[in-house]
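J.: Right, I'll just put the structure down here and ask away after.
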Amino acid sequence: MIEKIVNCLIEDLGKHNNYNEIQIEQMKYVTKVITYELIKFTLILLIFSLLGLFKECVLISIFMIATKPFTGGYHEDSQFRCFIATLIIILFIILLSKNTNLNIISSIILNLISIFCIYNEIPIINEKMPLTRKELIKKNRVIGITNTLIFLIISIVMFNVKWLSQTIVWTCVVQVMLLFNKYKKERRE
């Protein structure tokens, strides 16, 4: 139903603005992805707010939004499965961060291992939406590494704010684990 509404809206907009078929298809795709992501994000925030875990959910979501599009990794085949997987992943990260007590050395070691894996593995190319342009792959790699480093530095600088620091560390560790999934990555040259 959502897809039909998006398609009708974009078709109408495209006709009124004399867009070609390729532009209309691109607009449909982008609008559909943004719409589904907003719905998923809103529902996840609502669920975790009801559980009293709003700030943790927001932090994990910000980390994922800032890194995952540039690193690649785990993807599901449907929007519903993606929603369920995201819900479970966020829940597991919150449980890890609340039920472990990392010291500063453990946090630094986990951060170093995470950044090493990210540096050596990204970007993971999704075979359903492959990147083929070398400059785009390189750009995503730099952005993914930079954004992750910023979060990991925050986790160390803000180490005394345990919920924040540990949530960042565990989010990164879980995101790194999800880099190693069923999709094969394209090797850098």
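The values are calculated or read from the model by the stated rules, or taken from the named source; none is laboratory data. Just so you know, these numbers come straight off a predicted model, no measurement behind them. We place every Cβ from the backbone using ideal geometry, glycine too, and count neighbours over all the protein chains shown. Side chains included, ligands, DNA and RNA excluded: accessible areas come from the protein's heavy atoms. Shrake-Rupley method; radii C 1.70, N 1.55, O 1.52, S 1.80 Å.
J.: Do the conditions hold for PHE159, that is, is it open to solvent by 20 Å² or more (accessible area, probe 1.4 Å) and farther than 16 Å from ALA66 by Cα?
T.: So PHE159 fits the description; yes.
J.: Open to solvent by 80 Å² or more (accessible area, probe 1.4 Å), part of a helix (DSSP H, G or I) and of a type in the set (A, V, I, L, M, F, W, C): which single residue out of LEU38, LEU59 fits that description?
T.: On the way: LEU59 fails: open to solvent by 80 Å² or more (accessible area, probe 1.4 Å).
Criteria check complete, one pass: LEU38.
J.: On to the next question. Name the single residue, out of those in the stretch 133-147 being basic (Lys, Arg) and out of contact with any Asp or Glu (no Cβ under 9 Å at 6 or more places or on another chain), that is modelled with the lowest pLDDT.
T.: Checking each candidate, the answer is ARG133.
J.: Within the stretch 62-85, can you find the residues that are surrounded by fewer than 19 Cβ atoms within 10 Å (Cβ to Cβ), under 11 Å from the mean Cα position of the chain (by Cα) and in a loop (DSSP other than H, G, I, E, B)?
T.: Residue satisfying the conditions is HIS75 alone.
J.: In the stretch 172-185, which residues are modelled with pLDDT under 50 and in contact with a helix residue (DSSP H, G or I) (Cβ under 8 Å, 6 or more places away or on another chain)?
T.: LYS185, the sole residue that qualifies.
J.: Also, quick follow-up: Here is a list: ILE150, ILE168, ILE113, ILE84. Which entry is at pLDDT 85 or above and more than 24 Å from LYS55 (Cα to Cα)?
T.: The match here is ILE113.
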